[in-house]
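Q: Just passing along the structure, written as structure tokens.
We did not get these values from a lab; they are worked out from the coordinates using the rules stated. Just so you know, these numbers come straight off a predicted model, no measurement behind them. Every residue, glycine as well, gets a Cβ built from its backbone with ideal geometry; the counts of neighbours run over all protein chains shown.
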């Protein structure tokens with residue numbers, strides 16, 4: 001027996017499954033997807049509706065070609081957020097959000113490199129993004145299972 005197999009048996013690991021037997025499990029998962037995905041979709045839309053100030057802020061943070069990167073990142077956020085909310089292409093949607101968060105979090109919320117009076121705000125936003133990355137990773141882990149109320 002391989003060491004990994006022995007460890008799996010010892011701690012009782014089983015494959016990830018969605019669709020517990022509890023009441024409202026599917027409905028709660030849908031609500032979570034709508035809330036989580038909706039935040040990303042809203043922010044993605046805002047990249048287009050408020051592009052001018054977004055480009056200025058990204059430029060001030062040192063983002064290269066912010067006039068190009070803001071619409072691209074807005075598209076990624078819209079795709080990822082709507083995909084999670086609707087349950088459409090969840091692997092790609094979760095992956096897109098993870099990629100976005102991994103790239104943008106240390107650039108846009110560099111609490112270690114800002115003046116002291118800005119550090120607390122940037123740290124809060126940095127940690128929020130870390131938490132959202134964790135949630136997106138959890139969704140990616142179950143993205144190949146059937147999602148209740150998915151549109152595809």
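Q: To one decimal place, what Kirkwood hydrodynamic radius in Å is obtained for the range 80-152 from all pairs of distinct Cα atoms?
A: Hydrodynamic radius (Kirkwood, Cα only) of the range 80-152 equals 13.2 Å.
Q: Could I ask something else about it? Only helical DSSP H runs with n ≥ 4 go in: add -39500 (n - 2.57) per run for the chain, normalise by residue count and round the 222 nm mean residue ellipticity to 500 deg cm²/dmol.
A: Helix contribution divided over all residues of the chain: -24500 deg cm²/dmol.
Q: Can you tell me the 0 to 90 degree angle between the C-alpha axis of helix 25-49 and the longest principal axis of the chain, rounded to 10?
A: For 25-49 against the chain, the angle is about 20 degrees.
Q: What distance in nm separates the two pseudo spin-label positions at residue 151 and residue 34, each 7 Å out from Cα along the beta-carbon direction?
A: Rounded to a tenth, the inter-label distance reads 1.3 nm.
Q: Considering the convex hull of the alpha carbon atoms of the range 21-141, report its projected area averaged over all viewing directions, in nm², one decimal.
A: 8.1 nm²
Q: The range 112-152 to the range 40-86: how many Å between their Cα centroids?
A: 16 Å
Q: Given contacts defined as C-alpha pairs under 8 Å and at least six residues apart, what's the relative contact order of the chain, whole-number percent?
A: It comes to 27 percent, rounded to a whole number.
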